[in-house]
Amino acid sequence: MARSEAETPLPGGDVTDGIVRVGDTVRRPLGPHSPLVHGVLQHLERQGFDGAPRYLGLDEQGREILTYIEGEVAGRPHPAWLADEQRLVSLGKLVRHLDDAMAGFAPSSAMLEAVAAPEIPGMPPAPDAEPEFVGHLDITPENVVFREGKAVALIDFDLAKPATRVDEVFNLCMWWAPFAPDGDRTRPLRGVDSAARTRLIADAYGLSPADRVRLVPTAIRRTERSWYLMKYRAEHDGGGWLRMWQDGAGERIRRRLTWLESEGGRLTEALTTADPGAAAGPLRGATSCDVGQSAGS
Ligand SMILES: Nc1ncnc2c1ncn2[C@@H]1O[C@H](COP(=O)(O)OP(=O)(O)O)[C@@H](O)[C@H]1O
Ligand SMILES: [Mg+2]
């Protein structure tokens, strides 16, 4: 592609202001998380993992320079192909490859301190599990690049943090199963069978039997924490976080929690049954709620 110095705004995401494309690169402002993100991207490059942008350094304005990845990213309004199951399976496999490639990356303590979750009064503790790698943890439709109907790359590693496989798969499910009541879903995902899609994701990722049982309790705890963390970000960081909070993000999180508490039994059943076809049929509408911690709200 011909190199041009013209800057084209890239408005796809919700959070970061001032992202532009310059030729075959993207320029993004730095934040406290940036040293970890650059470490992650450089590690992935050393591993030969090509499903992520390359970090090329800083430009004269102090912005990070990343390679632009050609392909299809869901814009708004969201395209119908968000519901496509082949794409979902390809995404589950891509995230598995990413997480496997992250093994062996040892971030510095300064990198980790900059992204550590704040202590917030009232916020329940994180699930009691040792992190397994630095996960992406923000696998929204706007952060996945597709080509020829397959997920080929993840972008926007700004929320990367130490994570377990369950944390990463929960994040994937939250956006793509999705874990939300119908009224809060993007149009193409209204009415889809979230339990069946959760199973597809877990199978594509290769989630272990023990981790399948942990998925719903982890989802509930992470969702409880996200209410406090989003509120904190809105109050302390402002910008896109404040816009999302003012746009009702806190209420949506509460509705997700209620949805997880009522659907959790069906999700776990779909994840653990020997025959996923059976789970998608007769179990529809089941209301088993044995899903670990409750919201207490
Ligand atoms: N490296 C990249 N390759 C291709 N497209 C990108 C890249 N980085 C950003 N984009 C596009 O710009 C949009 C916003 O960038 P993103 O890094 O996700 O910012 P935000 O923090 O606002 O979500 C993305 O949804 C995508 O459409
Ligand atoms: Mg984004």
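The values are calculated or read from the model by the stated rules, or taken from the named source; none is laboratory data. Just so you know, these numbers come straight off a predicted model, no measurement behind them. Positions of Cβ are generated from backbone atoms using ideal geometry, with glycine treated the same way; all protein chains shown enter the neighbour counts.
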Exactly one of Pro141, Pro125 is more than 20 Å from Phe179 (Cβ to Cβ) and either of a type in the set (A, V, I, L, M) or in the same structural domain as Thr223 (by TED's automatic domain parsing) (or both), and that residue is Pro125
Can you tell me how many residues within the range 134-159 are surrounded by 21 or more Cβ atoms within 10 Å (Cβ to Cβ) and away from ligand 1 (no atom under 12 Å from the Cβ)? 3
Evaluation of Leu215 against (1) in contact with a Leu (Cβ under 7 Å, 6 or more places away or on another chain); (2) farther than 30 Å from Glu269 by Cα (one fails), failing number: (2)
Val95: crowded, with 19+ Cβ neighbours inside 10 Å, in contact (Cβ under 8 Å) with a residue 60 or more places away in the chain, farther than 21 Å from Leu112 by Cα and within 16 Å of ligand 2 (Cβ to nearest atom), yes or no? yes
Taking the condition of a type in the set (Gly, Ala, Ser), assigned to a loop (DSSP other than H, G, I, E, B) and closer than 27 Å to Ala234 by Cα, does Ala74 pass? yes
Considering every residue within the range 33-53, establish whether at least one is surrounded by fewer than 18 Cβ atoms within 10 Å (Cβ to Cβ) and within 16 Å of ligand 2 (Cβ to nearest atom). yes
For the structure I just gave you, tell me whether Val15 is over 20 Å from the mean Cα position of the chain (by Cα), within 13 Å of ligand 1 (Cβ to nearest atom) and in contact (Cβ under 8 Å) with a residue 12 or more places away in the chain. no
Of the residues that make up the range 2-20, is at least one outside any loop (DSSP other than H, G, I, E, B), closer than 30 Å to Ile201 by Cα and within 16 Å of ligand 2 (Cβ to nearest atom)? no
Tell me, please, whether a residue that is among the acidic types (Asp, Glu), touching a Pro at 6+ places or on another chain (Cβ under 9 Å) and farther than 20 Å from Thr16 by Cα can be found in the range 131-143. yes
Every residue from the range 152-183 that is over 15 Å from Asp99 (Cα atoms), among the aliphatic types (A, V, I, L, M) and within 15 Å of ligand 2 (Cβ to nearest atom): Met174
Might you let me know whether the range 180-203 holds any residue that is of a type in the set (A, V, I, L, M) and without any contact (Cβ under 8 Å) to a residue 40 or more places away in the chain? no
Sort through Pro188, Pro125, Pro178 and tell me the only one that's part of a loop (DSSP other than H, G, I, E, B), surrounded by fewer than 19 Cβ atoms within 10 Å (Cβ to Cβ) and away from ligand 1 (no atom under 16 Å from the Cβ). Pro125
For Arg252, indicate whether it is away from ligand 1 (no atom under 16 Å from the Cβ) and either in contact (Cβ under 8 Å) with a residue 40 or more places away in the chain or in contact with a His (Cβ under 7 Å, 6 or more places away or on another chain) (or both). yes
